[in-house]
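Colleague: Right, I'll just put the structure down here and ask away after.
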Amino acid sequence: LEQLHRINPAVIYCRVDFLKKQLNIRFDHHKLSLQQLVELLYDIGYEPVISLQDIIKKQNLVNKDRLVSKIAVAGFCFGNVMLFSFPEYLGISSFEHSFQYFFGLINLIICIPVVFYSGRGYFISAWNNLKNKTLNIDFPLALGIAVLFIRTAVEVLTKTGAGFADTLCGLVFFLLIGKFVQKKTYHHISFERDYRSFFPVAVHIVNDGVEKPIALGQLQTNQRIIIRHNEIIPADAILLKGDALIDFSFVTGESVLVNKTLGEIIYAGGRQTGEAIELEVIKPVSQSYLTQLWNNEAFTRKQDNRMQTFNEKVSKYFTVVLLIIAIASLCFWLPVDVSKGFAAFTAVLIVACPCALALSTPFTMSAALSIFDKNRFYLKNAAVVEQLARINTIVFDKTGTITTDEGNNVKFEGRMSAEQAMLVYSACINSIHPLSRLICRFLGKRERLPVADYKEVPGQGILARINGHKLRLGSGKFVFNQFDKSINSTQVYVIIDDVYLGYFIFSHHYRDGMEEVSELENFYQLYLLSGDHDHERTELRQFFPGADRMRFQQSPQDKLDFIQSLQQTDAKVMMVGDGLNDSGALKQSDLGVAVTDDVNNFSPGSDAILDGTSFSRLPDFLKFSKDTIKIIHFSFLISLTYNLTGLSYAVTGNLSPLTAAILMPLSTVTIISFTSIATHVAGKKRKLI
Amino acid sequence: MSIIYFLIGCSLFLATCFLGAFFWAQKTGQNDDLHTPSMRILLDDNDELPDEK
């Protein structure tokens, strides 16, 4: 791709980004049109993805907060301040006292960019906290940074001490590292896709017999469109011409191709298979049956923090207790010694600054994230790990999620001549029942005989008279008037002229590991939502044994509403789905997981993307996420121990800069190594590494 | 010992230069893609590459 200029000299510059799977091209648009460029790329085998939704721009926006630059500044200052603090710690002889003031001053100057550039985010966040009357961890952090800086400035300028410049720089540096670690981005996966990246960019319309392409956004009602084999119908439309055989699996969850007759409404999102069809648009793209789902409030709501994290819960109390101790020590010393009172007050705020606490979550989560990542479970961000641990209800979609494309296997048990097969085919072709369609597909294309007498009992079977033969096809109850409940698969029995020939058996292929997943029933409430008909109910019962756990024929809106109703009973819902029809449910749920067999393919907007091959590991993933929460709790205890040790010095007002300078990095290093090792061990235990 | 004032000035100046260099690299996007250059070395370049800018 980077040699494009050799193929066409109008291309000036070409750079490939492997991870993002992007190509940057600069070309002379006088000599080469955009269309020609796309054709050129197509010709050499790299067809570009043309999408209405600008995912790339969105992705690039994410990295605009200059975190790396802030870390660079903080790291630079941290290193230098350490250097200039050493003489103080090692002891300066009395005749070199002029240096002491000089070093202090340099430290103070170096601290300024750390506080006002690198640490700025904490002050802004703390200010927003105060405005919203909430307390998150950024508040005590900002307080700590401010107190450290003010005390350092006062001590240096009044020549009363060396200040805490190195603690300050170290604190900001480590905090920013924690922030950086938390921000893992997958360049090749997008979690924000919606119907626009699934739908085509343009569609062919017919006007007075002339065909021309127009952009999807300009498509209006009453226009006639042409949809060819494997193209997607972009808007609700009425079929005017052609034989429509439409694959709705992605939209409704219906796994069998649907045959539509002339004049019928076809919902947007279906994929035509077979010959070209002509349709008349009846609704604009954004108002279609499927796309209007995106007008639901679930899509406009802000996605972040649907659950309160452990950190948020703890830091509220932490801040209050911290302030109480600080003020208490101030009040205690104030009548005795004013300067000691302020020394104790500031020392408490410095030493109890929850640096280790702030780092425990990001480091644990990022370690967990990379373990999930190795097992092909891609989480949108680190916070999702914590949400995963707090799930108590799991809702599965059927088509594409627990079933795979290989779908149904049909077998005929018994003997049937070619002529009899033709009879069965001719009977089944009249029925729109999914099983009839599967039988037709299994038998292959045969001659269609005229049917004299045809009667279909919905959901039971077919009675037909063809060429003088009497056919009776259907369930055991329908054919023999008895029903064997022990049979765990769908069977269709065949009787021709009162002679029993055998039965068709439909074995459904579920994803490997469905057995393991269904064992989650002991710890979670499992539900199944399907857009499909309930003809697999009996097979699915083994996975979803509870009462009222399966719902069939659910529209995309029904799915969303069902999740909402579960949430109203205080359930924390994880939705596992794959298609556009699950988009609403994925968004509404507390944690949406999209299952896909190829992470580069389309998957609806979600919090996590699970590769189909790792589906069986889902129970392990859930257990592992609970382990990480335990690790966070434990590291919180460790950091509290450090804080209490420091506090015992601080309340007496005798905190030396050296103690602070040792305590702060020591607690940080302990937390970082503990969380990383513990997460690794937990991952090993769950056999994820 | 007053030479220390000068030496510290030098060291700070040098360090700031490196920090500035890092900022420049960051701003011009040299750290945006750390993966592809390692693969680009495997490509044949039998004629001269076009100018980057």
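The values are calculated or read from the model by the stated rules, or taken from the named source; none is laboratory data. Here the structure is a predicted model, which means the values were calculated and not measured. Neighbour counts are summed over all protein chains in view; Cβ atoms, including those assigned to glycine, are modelled from backbone coordinates with ideal geometry. The protein model used for the area step is the full one, side chains on, heavy atoms only, and it has no ligands, DNA or RNA in it. Shrake-Rupley method; radii C 1.70, N 1.55, O 1.52, S 1.80 Å.
Colleague: For residues that are within 14 Å of chain B (Cβ to nearest Cβ) and free of Cβ contacts under 8 Å to residues at least 24 places away in the same chain, tally how many sit in region A:107-122.
Modeller: Here the count works out to 2.
Colleague: In contact (Cβ under 8 Å) with a residue 24 or more places away in the chain, of a type in the set (A, V, I, L, M, F, W, C) and more than 28 Å from A:A382 (Cβ to Cβ), is that true of A:L520?
Modeller: no
Colleague: Follow-up. If you scan region A:272-283, which residues turn out to be at pLDDT 85 or above and either acidic (D, E) or surrounded by fewer than 22 Cβ atoms within 10 Å (Cβ to Cβ) (or both)?
Modeller: A:A276, A:E278, A:E280, A:I282, A:K283
Colleague: Which condition from (1) at pLDDT 90 or above; (2) buried (at least 22 other Cβ atoms within 10 Å of the Cβ); (3) farther than 30 Å from A:K313 by Cα is the one that A:L108 breaks?
Modeller: For A:L108, the failing item is (2).
Colleague: Tell me, yes or no, whether region A:150-160 has at least one residue that is hydrophobic (A, V, I, L, M, F, W, C) and touching a Cys at 6+ places or on another chain (Cβ under 9 Å).
Modeller: Yes: region A:150-160 contains one or more residues that are hydrophobic (A, V, I, L, M, F, W, C) and touching a Cys at 6+ places or on another chain (Cβ under 9 Å).
Colleague: Here's another thing I want to ask about it. From the residues in region B:1-19 that are within 14 Å of the chain's Cα centre (by Cα) and at the interface with chain A (Cβ under 10 Å from one of its Cβ atoms), which one is nearest to A:S93 (Cα to Cα)?
Modeller: B:A15
Colleague: Are any residues in region A:50-90 at pLDDT 75 or above, within 34 Å of the chain's Cα centre (by Cα) and exposed (fewer than 12 other Cβ atoms within 10 Å of the Cβ), and if so, which ones?
Modeller: Answer for region A:50-90, where residues must be at pLDDT 75 or above, within 34 Å of the chain's Cα centre (by Cα) and exposed (fewer than 12 other Cβ atoms within 10 Å of the Cβ): just A:I50.
Colleague: Kindly list, by first and then second residue, each pair from a residue in region A:643-660 that is closer than 12 Å to A:Y89 by Cβ and among the β-branched types (V, I, T) to a residue that is part of a helix (DSSP H, G or I) and open to solvent by 50 Å² or more (accessible area, probe 1.4 Å), limited to pairs with Cβ atoms under 7 Å and residues at least 6 apart or on different chains.
Modeller: Short answer, once both residue conditions are applied: A:T659/A:Y649.
Colleague: Mind listing just one residue for me: the one in region A:407-435 that is assigned to a helix (DSSP H, G or I) and modelled with pLDDT under 80 and, of those, nearest to A:I462 (Cα to Cα)?
Modeller: Only one residue tops the list, namely A:L435.
Colleague: Within region A:87-96, which residues are within 16 Å of A:V156 (Cβ to Cβ) and more than 12 Å from chain B (Cβ to nearest Cβ)? Step through it out loud before you land on a result.
Modeller: If we filter region A:87-96 for residues that are within 16 Å of A:V156 (Cβ to Cβ), which is where we start, we get A:87-89, A:92.
Scanning region A:87-96 gives A:E88, A:Y89.
Colleague: Against the definition (at pLDDT below 85, open to solvent by less than 50 Å² (accessible area, probe 1.4 Å) and more than 30 Å from A:G474 (Cβ to Cβ)), how does A:A358 come out, yes or no?
Modeller: Spelling it out, it is not the case that A:A358 is at pLDDT below 85, open to solvent by less than 50 Å² (accessible area, probe 1.4 Å) and more than 30 Å from A:G474 (Cβ to Cβ).
Colleague: Look through A:N381, A:N375 and report the one residue that is crowded, with 20+ Cβ neighbours inside 10 Å and either in contact with a strand residue (DSSP E or B) (Cβ under 9 Å, 6 or more places away or on another chain) or within 30 Å of A:K623 (Cα to Cα) (or both).
Modeller: The match here is A:N375.
Colleague: When only residues in region A:233-251 that are surrounded by fewer than 19 Cβ atoms within 10 Å (Cβ to Cβ) and touching a residue at least 40 places away in the same chain (Cβ under 8 Å) count, which is nearest to A:G209 (Cα to Cα)?
Modeller: Just the residues of region A:233-251 that are surrounded by fewer than 19 Cβ atoms within 10 Å (Cβ to Cβ), to begin with: A:238, A:240-243, A:245, A:247.
From what's left, touching a residue at least 40 places away in the same chain (Cβ under 8 Å): A:238, A:240.
On the way: A:I238: 18, A:L240: 14 Å.
Here the residue is A:L240.
Colleague: Count, please, the residues in region A:6-19 that happen to be more than 7 Å from chain B (Cβ to nearest Cβ) and open to solvent by less than 40 Å² (accessible area, probe 1.4 Å).
Modeller: Count: 4.
Colleague: With without any contact (Cβ under 8 Å) to a residue 60 or more places away in the chain and either open to solvent by less than 20 Å² (accessible area, probe 1.4 Å) or in contact with a Ser or Thr (Cβ under 8 Å, 6 or more places away or on another chain) (or both) as the only criterion, which of A:V147, A:V154, A:V181, A:V172 stands out?
Modeller: When all the criteria are applied, what remains is A:V154.
Colleague: Please give the number of the condition A:G121 fails out of (1) more than 22 Å from A:I662 (Cβ to Cβ); (2) touching a helix residue (DSSP H, G or I) at 6+ places or on another chain (Cβ under 7 Å); (3) at pLDDT 90 or above; (4) open to solvent by less than 50 Å² (accessible area, probe 1.4 Å).
Modeller: (2)
Colleague: Has region A:401-424 got at least one residue that is open to solvent by 60 Å² or more (accessible area, probe 1.4 Å), in contact with a strand residue (DSSP E or B) (Cβ under 6 Å, 6 or more places away or on another chain) and closer than 20 Å to A:S603 by Cβ?
Modeller: In the first step, residues of region A:401-424 are kept if they are open to solvent by 60 Å² or more (accessible area, probe 1.4 Å); the result is A:405-406, A:409, A:411, A:413, A:415, A:418-419.
Filter once more, keeping what is in contact with a strand residue (DSSP E or B) (Cβ under 6 Å, 6 or more places away or on another chain): A:406, A:409, A:411, A:413.
Within this subset, residues satisfying the condition of being closer than 20 Å to A:S603 by Cβ are A:406.
The answer is yes, given that some residue of region A:401-424 is open to solvent by 60 Å² or more (accessible area, probe 1.4 Å), in contact with a strand residue (DSSP E or B) (Cβ under 6 Å, 6 or more places away or on another chain) and closer than 20 Å to A:S603 by Cβ.
Colleague: Of everything in region A:20-39 that's open to solvent by less than 80 Å² (accessible area, probe 1.4 Å) and closer than 23 Å to A:F199 by Cα, which residue is modelled with the lowest pLDDT?
Modeller: A:K20
Colleague: If a residue must be touching a strand residue (DSSP E or B) at 6+ places or on another chain (Cβ under 7 Å) and more than 16 Å from A:L528 (Cα to Cα), how many such residues does region A:572-590 contain?
Modeller: 1
Colleague: Could you grab me the full set of residues in region B:1-45 that are open to solvent by 50 Å² or more (accessible area, probe 1.4 Å), among the charged types (D, E, K, R) and in a loop (DSSP other than H, G, I, E, B)?
Modeller: B:D32, B:D44, B:D45 - these are the residues of region B:1-45 that are open to solvent by 50 Å² or more (accessible area, probe 1.4 Å), among the charged types (D, E, K, R) and in a loop (DSSP other than H, G, I, E, B).
Colleague: Restricting to region A:436-452, and then to whatever is open to solvent by less than 80 Å² (accessible area, probe 1.4 Å), of a type in the set (A, V, I, L, M, F, W, C) and assigned to a helix (DSSP H, G or I), can you tell me which residue is farthest from A:L423 (Cα to Cα)?
Modeller: A:L438
Colleague: Another question, if that's okay. Is there any pair with a first residue in region A:123-139 that is farther than 20 Å from A:T361 by Cβ and a second that is at pLDDT 90 or above whose Cβ atoms are under 6 Å apart and which are 6 or more apart or on different chains, and what are they?
Modeller: Short answer, once both residue conditions are applied: A:F123/A:A142.
Colleague: Okay, next question. Answer yes or no: is there a residue in region A:552-559 that is open to solvent by less than 10 Å² (accessible area, probe 1.4 Å) and either in contact with a strand residue (DSSP E or B) (Cβ under 8 Å, 6 or more places away or on another chain) or on the phi > 0 side of the Ramachandran plot (or both).
Modeller: Within region A:552-559 (the criterion being open to solvent by less than 10 Å² (accessible area, probe 1.4 Å) and either in contact with a strand residue (DSSP E or B) (Cβ under 8 Å, 6 or more places away or on another chain) or on the phi > 0 side of the Ramachandran plot (or both)), the answer is yes, since at least one residue qualifies.
Colleague: Name the residue that is most open to solvent (accessible area, probe 1.4 Å), counting only residues in region A:646-671 that are more than 21 Å from A:I632 (Cα to Cα) and polar (S, T, N, Q).
Modeller: Residue satisfying both the conditions and the ranking: A:N654.
Colleague: Of the numbered conditions (1) open to solvent by less than 10 Å² (accessible area, probe 1.4 Å); (2) modelled with pLDDT under 85; (3) in contact with an Asp or Glu (Cβ under 9 Å, 6 or more places away or on another chain), A:I205 fails exactly one; give the number of that condition.
Modeller: Status for A:I205: all satisfied but (2).
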